[in-house]
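Accompanying notes for the structure given below.
The values are calculated or read from the model by the stated rules, or taken from the named source; none is laboratory data. From a predicted model like this one, the values you see are computed outputs, not experimental measurements. As a convention, Cβ positions derive from the backbone with ideal geometry for all residues, glycine included, and neighbour counts pool all protein chains shown. These accessible areas exclude ligands, DNA and RNA; they are computed on the full protein's heavy atoms, side chains included. Shrake-Rupley method; radii C 1.70, N 1.55, O 1.52, S 1.80 Å.
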2 protein chains.
Amino acid sequence: MTTNDPPPRGRGRPRRAEADEQILDATLAMLRDGGYRELSLDEVARRAGTAKSSIYRRWPSKAALVAEIVRREAPLPEASDCDASVRAFESLMNGPLGGIVASLIGEAQDSAETRAIVIAIIEPYRQLVRRFADDEATDRLLGALLFRRLLSE
Amino acid sequence: MTTNDPPPRGRGRPRRAEADEQILDATLAMLRDGGYRELSLDEVARRAGTAKSSIYRRWPSKAALVAEIVRREAPLPEASDCDASVRAFESLMNGPLGGIVASLIGEAQDSAETRAIVIAIIEPYRQLVRRFADDEATDRLLGALLFRRLLSE
């Protein structure tokens, strides 16, 4: 996800890091408005004042872009015991990004690529809990949260 | 989901119950070929030799039609203990319909109507386990299965 391209010089175009921030901000705003399904990279490019090809140079897919936003907006917290580790996942799923992650999990059922990206988002939370619980207990603790998040009215 | 319409008489068109079976069979075949996302009611109608409006008269949505197929193909088993109850859900999610249910759970994240239908599919399994475990334990036992089913590579 890094690039060796030199930043563009002057001419009013934002430097690469700024352009990336603008793309991420525009994506987050669109996600908050309409969720993952409504996310359009054409519209992200328009709002960020960049070309769609610039987005794809940096992120290979919508899902990859959204995964970066999740990592940026909900960095993995410190957790000194099992409860705190489980609560970290609970905060993610019940917080402002929970709907987006749930939607991404949905999308992942029909796309191996999206599934790999969702696993990359979720796996660190699993590892956090696994420091205090075995595999089965970990999946039960996180699974109960997932069950209620995905299957509540 | 029942109807009081009299069955059509003669003229080579199948009777109502037969037509329903043909619709369900055609839907199942399409689901097995392409999954929930690829399911097209136009194509179901064509394969079942019926009008699309006949499908909608009987089932208000794609999700409702699929829910009926899940109930028909994977009827809730008898289960005399907690383990057997959990295994019933495991069989559903890891069996031939598991991918379809997972896909429907995905779709449900962006549609309250689909979510209600998924809950109608899953809730009987939850009730089965709840005869032997409290709410939290039930959600952990089923959640661990869901976690692994939805988030494995």
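When all alpha carbon pairs of region A:1-146 are counted in 10 Å bins from zero, the resulting P(r) reads 11, 37, 30, 16, 5, 1 %. For region B:80-112, a reduction of at least 40 Å² in accessible area between the chain on its own and the assembled protein chains (probe 1.4 Å) is found at B:Gln109, B:Asp110. Using alpha carbons only, how many degrees (0 to 90, rounded to 10) separate the axis of helix A:82-94 from the longest principal axis of chain A? Taking the Cα atoms of chain A, the angle to A:82-94 is about 50 degrees.
Each other copy places its own label point for B:Asn94 at 3.1 nm from this one, sorted shortest first, where the point lies 7 Å along the Cα-to-beta carbon line.
According to the square roots a ≥ b ≥ c of the eigenvalues of the Cα gyration tensor, what is the shape class of the protein assembly as shown, taking rounded for a/c under 1.5, prolate for a/b larger than b/c otherwise, and oblate for the remainder? In terms of gyration-tensor shape, oblate. Each of B:Leu150, A:Ala51, B:Pro96 was scored by the projection of its Cα onto the charge dipole of the protein assembly as shown, and the greatest displacement toward the positive side belongs to A:Ala51; charges sit on the C-beta of Lys, Arg, Asp and Glu.
Shown for B:Pro77: label points 7 Å from Cα along the beta-carbon vector, and their distances to the equivalent points in the other copies, 4.0 nm in ascending order. The B-A contact accounts for roughly 2900 square angstrom of buried accessible surface, both chains included, probe 1.4 angstrom. Shielding by partners for peptide A:133-145, expressed as the average number of C-beta atoms from other protein chains within 10 Å of each residue's C-beta, is 5. Summing Lys and Arg as +1 and Asp and Glu as -1 over all other residues whose Cβ lies under 12 Å from the Cβ of A:Glu73 gives a net charge of +1.
For region B:95-153 versus region B:28-46, the spacing of their alpha-carbon centroids is 22 Å. Net charge within 11 Å of A:Leu128 by Cβ-Cβ distance, Lys/Arg positive one each and Asp/Glu negative one each, not counting A:Leu128 itself? Here the charged neighbours net out to +1. The residues of region B:81-153 expose, per residue, 38 Å² of accessible area to a 1.4 Å probe.
Each stretch of four or more DSSP H residues adds -39500 (n - 2.57); spread over every residue of chain B, this sum gives -23000 deg cm²/dmol at 222 nm. For chain B, the fraction of 1.4 Å probe accessible surface lying on carbon and sulfur atoms is 47 percent. What you get for region B:62-153, charging only the Cβ of Lys and Arg (+1) and of Asp and Glu (-1), is a dipole of about 140 debye around the Cα centre. Once the mean of 1/r is taken over each pair of separate Cα atoms and inverted, region A:75-153 shows a Kirkwood hydrodynamic radius of 12.8 Å.
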